[in-house]
Structure formats: structure tokens, C-alpha cells
Amino acid sequence: MARTRTTALSLAGLALVASTTLAACTGDDDAPPPREPADVGLTVTGVDDVSIGVLVSTTSAAGEGSDYIGPSAGAELAGYRLRLGGTKVKVTVADDRGDADEAETGVQSLIDQGVSGIVVATTGAHVLPALETASEAGVPVIAPYLRTQDELPDGVYVTGPSEDAITASVEQAMQADEVSSPLVITADAAPAPAIGTAAPVQFTGSALDDIVDDATKAVEDKTVDSVVVSAPAASQGAVVAALQGAVPDVPLYLTPEALTPEFAAALDSSSGTTSGRFVSVGAPASDSSTLGSTAAADSAAAYFAALRLAAGDESFTSSLDGSPFSAIAADADLPSHDAVLALVRAAAKARSAVPADVAKALPTLTLGTKQSLAGPGLDFSSPYALPADSVAPLYATTQDPGVRPVGDSPVLTWFELTDDGNDA
């Protein structure tokens, strides 16, 4: 029987990190010396009056980016933090509604407004022509959520995991669980990790019962010992909820879309349970990043302190529609925040807000916590700026560290399991 790390073991590892942090705060003789807390406000010298464009999808077809409308609020938080630190940064948000023509129109509008760079805080095939538009105009683009197997245009950088890194991390998680024969399910044109020998199964809403029947039979026949789901959050939630009832003991591995708040919401709406065992892959850049006694933990904690401050600031409104930032704060994430900060850092290095100068400076940057990134380090010498060794299996827990404003959706917190522990 395959060995499986249980959620309980994962939580024990999380608690161990938390207790280490507590020891550091209570004067334990073995605790590391205290450090100065990271600043809530961010100061970037060398440039002023920078304008950053952000493209989002408030609505879309499945797989075309609307899952990231909540997480994209981190981009506006970056502008807020920079202004607190005295750096004048304007963040302008355009909505493409998941449509290719509107994406091109939105990007062109941002270019016409003179932005120094653009954060494409959405995903899907609909944004690919818009990336070409920005590239041809010489305006640099950072896309924290984009998954594509297409070649990236010049000047476009992805700060999420590459497809190769996703595949490698899923394989790493499967090896830890001693499984090797997955059923791979894809939906809505999401790329399928190159895992297993069988062709991926394409999921549509009407085919879910058939997929569950096939999975159940394959598990009974012992031709399948695990399931990999590569799909947008809503489809992942529907598939996982169905499999929870049919094959509850089979390990499930999910692509990074599961890290969005929409996955937990979709699971809940599909009558699934968030208390199951879930493994996804990505960079450890979430609420649990604040647990620990490292500079990276301090930087993440400063991000969440700023998020709570911004959520309580009645004068801070979204540039998308003028609504209070508090309405979108609960789902804001670190990658979109760091994408804005990277563009501002490039402008500072260039000592210019001119897009061509920013585009020239960006590939020379290697950024980390010393440059106030809230998430993992980024190396823009490659179009995929997130180093492959920063991508790892991530485990979910329903325990909430309580560092972000409270939202309406069910909560899953994702973290990297660094303590091997014992086999369950």
C-alpha cells in the first residue's frame, strides 16, 4: 500500500514552524536574535511618478482569467505601499472581461496612457494577442498567473511556475507518496503535465459522471493509483468533489489554479469538502509564508500588515471601479504585488519611467527580500523569472493563520512541507 502524508502530519509541520516563531518572540535562549521588522511602506529611490498598468478579467469563460480577479488586488496594494513610502506610483487597471479583442484594447489603452510597464494579472489564450501588442510597442509585461505552452514574446516575463516546473513538482509529490500511475484529467484547454503513459482525459461538464465511473473502475482494476487534475479552479473543484465521494483514498494532485480562492469556493459549491487532502504545486507564497524566523517571513508579514492597513483605509479605492479596496482585500495575493514592485524596481534602475528604458533594465534584475519582494526571489534574466527550484509541492490546510482580512469564501491555506516527519 502506498504511503501517504496525511493532513495531520502536514499540520504538525506547520505548527512546528509556528512554535519556532513563538520561541523567537519570547526570549528563548536558543532563538535567533531579533531583527528589525520589514517596512509596511515601500521606498524605491531613483525614479518618481511611475505609472503601472494592470490587466484583469472580472468575468470570463472558464480558463480565461476571472479566477484571478481577487488575487490581482495585490497589484493595487503594491501601489499603496509604495505611496506610503513616498514613491509616487500610479496603478491603472483595465478590464478585458476574458475577451481577446478587449484584452488588446485594454493593453493599447494602457500603452496610450504612458504606463512604464504592464502586469497581466489574468490568464488564458485570450491574452496572447495582447502580449504581442505590448511587445511590439516596447512595453514590458509581467504575467504572474499565465500558463501557456506558446513561446513568450520579447519583453514578456512569467513569474509563476513554468510547465516544466509544474510537471517536475507533481512528479516529486507523487514520488513522495509512492504512486506512479496517474489518471490525468484536463479541462478548458489547460496544459496537461507530461506525467504517466496514458493520454489525458478531457473533462466537460456533461462528461463528469463518465470520468468518475472510469476513474473508479481504473482504481478497482489497479491500473490507476492517483489522479492529476489540470484545469481552472471551477473545473478542479467539480472534479475533486466528485472524486472525493467515489475514490476517497486515491491521492489527488492539482495544478496551480487550485491555489486561488475560487478553488475552495468551487469545491464548496460542488458539495465537496475542504477538509480533504490536497496537493498542488507552486511557489510557497501565501499566508503561511509569515510563519518562521527568516527575512522572507518578515517580508511576507509586512505585506499582510499593509493589506490589513489598506483594508481599513476608507480613502483607498480600487482604480478599476472606485469601490473601496476593503471589498477586494481578502483575496489579494503576493505574486501580483511583486510584479508591480519588479517593474518599479526596473524603472528605478533605469532612472527612467520610459517603457523602453524599463524594458532594457528589467532583464538585468535579480530581486528578493532585500528588494522588498513579499514572495520568492525572481530572476529576470529568463522569460520565466521564477527559478524552478522555488517551485514545490504545496499542501492545503483549513487552519487559517489569520493574517489577512476576513472574506466570504471558504479558506484553504497552502504551504510547503519541509519537515519529513513519519509515514502515516
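The values are calculated or read from the model by the stated rules, or taken from the named source; none is laboratory data. No experiment lies behind these values; they were computed from the predicted model shown. Quick reminder, even Gly has a Cβ in these numbers, built from the backbone with ideal geometry, and neighbours come from all protein chains shown. Ligands, DNA and RNA are excluded from the accessible area calculation, which covers all protein heavy atoms including side chains. Shrake-Rupley method; radii C 1.70, N 1.55, O 1.52, S 1.80 Å.
A few comments on the model shown:
- Tally, over region 95-105, of residues that are over 20 Å from T317 (Cα atoms) and outside any loop (DSSP other than H, G, I, E, B): 6
- D379 meets the conditions (1) without any contact (Cβ under 8 Å) to a residue 24 or more places away in the chain; (2) charged (D, E, K, R); (3) open to solvent by 60 Å² or more (accessible area, probe 1.4 Å); (4) over 20 Å from D48 (Cα atoms) in every case but one. The failed one is (3).
- Restricting the first member to region 177-192 and to residues that are under 18 Å from A258 (Cα atoms), and the second to residues that are part of a loop (DSSP other than H, G, I, E, B) and basic (K, R), the beta-carbon pairs closer than 8 Å and six or more apart or on different chains are A190/R147; P191/R147.
- Scanning region 128-154 for residues that are under 26 Å from L365 (Cβ atoms), open to solvent by less than 60 Å² (accessible area, probe 1.4 Å) and not in a loop (DSSP other than H, G, I, E, B) gives L128, A130, L131, T133, A134, S135, V141, I142, A143.
- Checking each residue in region 104-127 for being buried (at least 18 other Cβ atoms within 10 Å of the Cβ) and within 21 Å of the chain's Cα centre (by Cα) picks out G117, I118, V119, V120, A121, T122, T123, G124, H126, V127.
- Number of residues in region 198-225 that are in contact with a Leu (Cβ under 8 Å, 6 or more places away or on another chain) and open to solvent by less than 90 Å² (accessible area, probe 1.4 Å) equals 6.
- Considering region 388-414, the residues that are of a type in the set (S, T, Y) and outside any strand (DSSP E or B) include one that is surrounded by the most Cβ atoms within 10 Å (Cβ to Cβ), namely S390.
- Selection over region 184-211 of residues that are closer than 15 Å to A242 by Cβ and in contact with a Pro (Cβ under 9 Å, 6 or more places away or on another chain) gives a count of 2.
- Within region 75-94, the only residue that satisfies the criterion of being of a type in the set (V, I, T) and part of a loop (DSSP other than H, G, I, E, B) is T87.
- Residues located in region 155-178, provided they are open to solvent by 10 Å² or more (accessible area, probe 1.4 Å) and acidic (D, E): E163, D164, E171, E178
- Checked against the criterion of being under 30 Å from D249 (Cβ atoms) and among the charged types (D, E, K, R), the candidates E163, E132 yield just one match: E163.
- Positions within region 205-242 being in contact (Cβ under 8 Å) with a residue 12 or more places away in the chain and hydroxyl-bearing (S, T, Y), in sequence order: T216, T223, S226, S230, S235
- Within region 45-59, the set of residues being more than 21 Å from A330 (Cα to Cα) and either of a type outside the set (S, T, Y) or buried (at least 23 other Cβ atoms within 10 Å of the Cβ) (or both) comprises G46, V47, D48, D49, V50, I52, G53.
- All conditions in (1) within 24 Å of V411 (Cα to Cα); (2) at pLDDT 95 or above hold for I328, with the sole exception of (2).
- Here region 81-103 is the region considered, the condition is being open to solvent by 50 Å² or more (accessible area, probe 1.4 Å) and within 25 Å of the chain's Cα centre (by Cα), and the residue that is farthest from V47 (Cα to Cα) is D99.
- Taking the conditions (1) open to solvent by 50 Å² or more (accessible area, probe 1.4 Å); (2) assigned to a strand (DSSP E or B) in turn, I185 satisfies each one other than (1).
- Taking region 151-169 as the range and being within 21 Å of A187 (Cα to Cα) and in contact with a helix residue (DSSP H, G or I) (Cβ under 6 Å, 6 or more places away or on another chain) as the test, only A165 passes.
- Only one of S206, S181 that is of a type in the set (S, T, N, Q) and touching a Lys or Arg at 6+ places or on another chain (Cβ under 9 Å): S181
- Region 295-317, subset over 21 Å from the mean Cα position of the chain (by Cα) and open to solvent by 40 Å² or more (accessible area, probe 1.4 Å), residue nearest to S390 (Cα to Cα): L309
- Search result, residues across region 318-353 that are crowded, with 19+ Cβ neighbours inside 10 Å and farther than 19 Å from V93 by Cβ: R345, A346, A348, A350
- Only one of the listed residues (A283, A356, A385, A374) is more than 17 Å from L42 (Cβ to Cβ), of a type in the set (A, V, I, L, M), in contact (Cβ under 8 Å) with a residue 12 or more places away in the chain and open to solvent by less than 10 Å² (accessible area, probe 1.4 Å). That residue is A385.
- Matching residues in region 155-180 - criterion: being in contact with a strand residue (DSSP E or B) (Cβ under 7 Å, 6 or more places away or on another chain), farther than 23 Å from V119 by Cα and part of a loop (DSSP other than H, G, I, E, B): V179
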